[in-house]
Amino acid sequence: MQGFRLGSISGFEIRVDLSWLLIFFLVLWTLSAGLFPATYPGLANTTYFGMGLVATLLFFASLLAHELSHSFVARAKGIPVEGITLFIFGGVSRTRMDAETPGDEFQIAIVGPLTSVLLAGFFGLIWYIGINAGWSVVVTGIASYLASINLVLAIFNMLPGFPLDGGRVFRSLIWKYTGDQRKATQIASTGGKWLGFLVIALGIWQMFNYAILGGLWFILIGWFLYNAAEASYEELLLRTSLKGVRAREIMTPYPEIVSADLTLQELVDKYFLSRRYQSFPVIQDGQPVGIITLSQIRDIPREEWVYRTVQDTMMPTDQGVTARPEEQMSQVLEKMQESSVRRVLVIQNGLLQGIITANDIARWLQRQREFGHQMG
Ligand SMILES: [Zn+2]
């Protein structure tokens, strides 16, 4: 998940996923064209839009506060958090590892919904004071919306399906009582998938009852939940399997290399057409300087291949696509997921030792299975 950078708060980098832009406008539209005009009739359209904008921004800030609370507790538990990426109903804290104990996981998970409950109370208090002091509905309307949406967020996030906070709490409890993190994840992920189905079914039912917009929301959230449950389970399975494994055990040693001075045409003719590889390490003066992939070349118009060089097109090594032979695979995996080329070069003392691609990891997992190693 890349997204774009918003800024940073106490060392946590805040990013916004592109999907959030869509959500931002959907919320803005729902509020300024739907909820506010229906609840508080008789105001000007520009007022509804202003209310919608402020409420959407504060909703966004509430999500951020929720997510930051997870990050602060995670950091206090010794888990490095790089930052936060916001998307649909919340966000993810980008960490390089999972909680070591069920107790830590429980505390990291529960603080999010608690923060949302506190925010609901805070906005509820503003609403209450405003109602009694006779403030404009512009203010009390926004406060009332924020109080309810934060309460909804807290309740929604406490549903017992991984990767929701409630699912994590659920997982930490099973983990605590069975002592088996993988089994706990499996149960909590299955819960998440069922929850996803249930929410989608609810959305379809709503649409049949002519609540089109509400129904769409449910389907969107359900679909997101289902996918997240599946993806996080597979990711955790992979992370558990690769625990303690080093880059040098996974890499393909001494891969075939290409020179940085080649034109793309030469590279395609001499290498990609006659080899089965999807990528090559790029070398200049005996030093690894980047990675060139087939998909990078496909993005370049064919008429430019004759004069563009590998050097102009490659992903340079200073873009976080390198690893040391002794580096933990959990970290390497993170780098691979963050980079658009999905692979890393293994380098020691400035010399190329190997390359790691998704295929190398898949082959390694396959070998582990064939030799009957118990994973996890
Ligand atoms: Zn949360």
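The values are calculated or read from the model by the stated rules, or taken from the named source; none is laboratory data. Since the structure is predicted, the reported quantities are computational estimates derived from the model, not experimental observations. Because the Cβ atoms are built from the backbone with ideal geometry, glycine has one as well, and the counts that use them run over all protein chains shown. With ligands, DNA and RNA removed, areas are computed over all heavy atoms of the protein, side chains included. Shrake-Rupley method; radii C 1.70, N 1.55, O 1.52, S 1.80 Å.
Quick look at the values:
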read-out: Probe 1.4 Å, accessible area per residue of the chain, Å²; value: 51 Å²
read-out: Distance between the stretch 267-340 and the stretch 115-194 - C-alpha centres, whole angstrom; value: 43 Å
read-out: Alpha-carbon gyration tensor eigenvalues x 5, square-rooted, for the stretch 247-370, Å; value: 25, 15, 13
read-out: FRET efficiency estimate (nearest 0.05) - Cβ-Cβ, residue 235 to residue 366, R0 22 angstrom; value: 0.75
read-out: Carbon/sulfur fraction of accessible area - the stretch 139-257, other protein chains in place, 1.4 Å, %; value: 69 percent
read-out: Separation in nanometres of the label points that stand 7 Å from Cα toward Cβ, at residue 125 and residue 152; value: 2.4 nm
read-out: Modelled FRET efficiency - R0 41 Å, residue 173 with residue 39, Cβ distances, 0.05 increments; value: 0.55
read-out: Potential extension, residue 82-residue 114 segment - 0.36 nm per residue separation minus Cα distance; value: 9.3 nm
read-out: Förster-model FRET efficiency, 22 Å R0, residue 265 and residue 337, C-beta, rounded to 0.05; value: 0.10
read-out: Relative contact order (%) - the chain, alpha-carbon pairs under 8 angstrom, separation at least six; value: 11 percent
read-out: Solvent exposure ordering (accessible area, 1.4 Å, most first) of 127, 194; value: 194, 127
read-out: Label-point gap, in nm, between residue 359 and residue 298 - each point 7 angstrom along Cα→Cβ; value: 1.5 nm
read-out: Across 183/243; 270/335; 77/193, pairs whose alpha-carbon gap is larger than 21 Å; value: 270/335; 77/193
read-out: Accessible area of residue 239 in the full protein assembly, 1.4 Å probe (Å², nearest 10); value: 50 Å²
read-out: Extension gain (nm, one decimal) between residue 5 and residue 182, 0.36 nm per residue minus Cα-Cα; value: 60.4 nm
read-out: Neighbour-limited loop hits for GluC sites (Glu not before Pro), the stretch 184-290 (at most 13 other Cβ within 10 Å; DSSP other than H, G, I, E, B); value: 256
read-out: Cα long-axis angle, helix 329-338 against the chain (0 to 90 degrees, to the nearest 10); value: 70 degrees
read-out: Kirkwood Rh and Cα Rg combined as Rg over Rh, evaluated for the stretch 136-187; value: 1.34
read-out: Computed lengthening from residue 256 to residue 204, 0.36 nm per intervening residue step minus Cα-Cα distance; value: 13.4 nm
read-out: Hull-based mean projected area of the chain, where the convex hull spans the alpha carbons, in square nanometres; value: 24.1 nm²
read-out: Heavy-atom accessible area order for 318, 17, 269, 180, largest first, 1.4 Å probe; value: 318, 269, 180, 17
